[in-house]
1. Let's test the formula: R0 of 25 Å, r as the Cβ-Cβ distance of residue 62 and residue 122. What FRET efficiency results, to the nearest 0.05?
2. Relative contact order (percent) for segment 31-115, with alpha-carbon contacts under 8 angstrom and 6 or more residues of separation?
3. Please give, to one decimal in nm, the separation of the simple spin-label points placed at residue 28 and residue 74, each 7 Å out from Cα toward the Cβ.
4. Counting other C-beta atoms within 10 Å, which of 28, 87 has the fewest, and how do the rest follow?
5. Using the Cα centre of segment 31-115 as origin and beta-carbon charges of +1 (Lys, Arg) and -1 (Asp, Glu), tell me which of 73, 114, 51 is placed farthest towards the positive end of the dipole.
6. Want the number for residue 108 to residue 51: 0.36 nm per residue separation, take away the alpha-carbon distance, what's left?
7. What does the highest-first list of 44-50, 116-122 look like by mean Cβ count within 10 Å?
Amino acid sequence: MKKFIISLLVLVLILLILSLNYKEETYVLQGTFLCKELPFSSMVFDTADNFTYYYYYLDSDNNQKEDKGIFSSNPNSPSSYIINSEVFDNEAISLEKNKFKITIDDNIYTFKRFHHTPMIILIDD
């Protein structure tokens, strides 16, 4: 019994160490991205849902808004993408090491990947 407990503890320790060192090194535009300068804004890219894109933000009256559109990749440059929606019309972005820069209201903002999973927010209008 003592040998079983020690083996179990060693296995748990190994799994813990491996999980701490695990890094997803994918640079595909997929998941949820946040911006430090825009704390109530997020961009979500979902390749599994026909390359659907969501931009959640606050309008000038501090109402939560959603912009939904599509995005596509450039076959000649795998890290370059185009966003098409009501807010972004053919806006080009380049994904570099889990972050990208985008122009919003004539200001350039950097969005960094928060999670590889697209986190869709349901907003009642």
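Nothing in this text is a laboratory measurement; each read-out follows from the coordinates by a stated rule. Everything numeric in this text was worked out from a predicted model, so none of it was measured. Please note: Cβ atoms are built from the backbone with ideal geometry, for glycine as well, and neighbour counts cover all protein chains shown.
1. That gives a FRET efficiency of 0.85.
2. On the way: 166 pairs, mean separation 21.3, N = 85.
Over segment 31-115, the number comes to 25 percent.
3. Each label point lies 7 Å from its Cα, and together they span 2.0 nm.
4. Going from sparsest to densest Cβ surroundings: 28, 87.
5. Checking the options against the dipole of segment 31-115, the answer is 114.
6. Going from the current span to full extension adds 18.2 nm.
7. 44-50, 116-122
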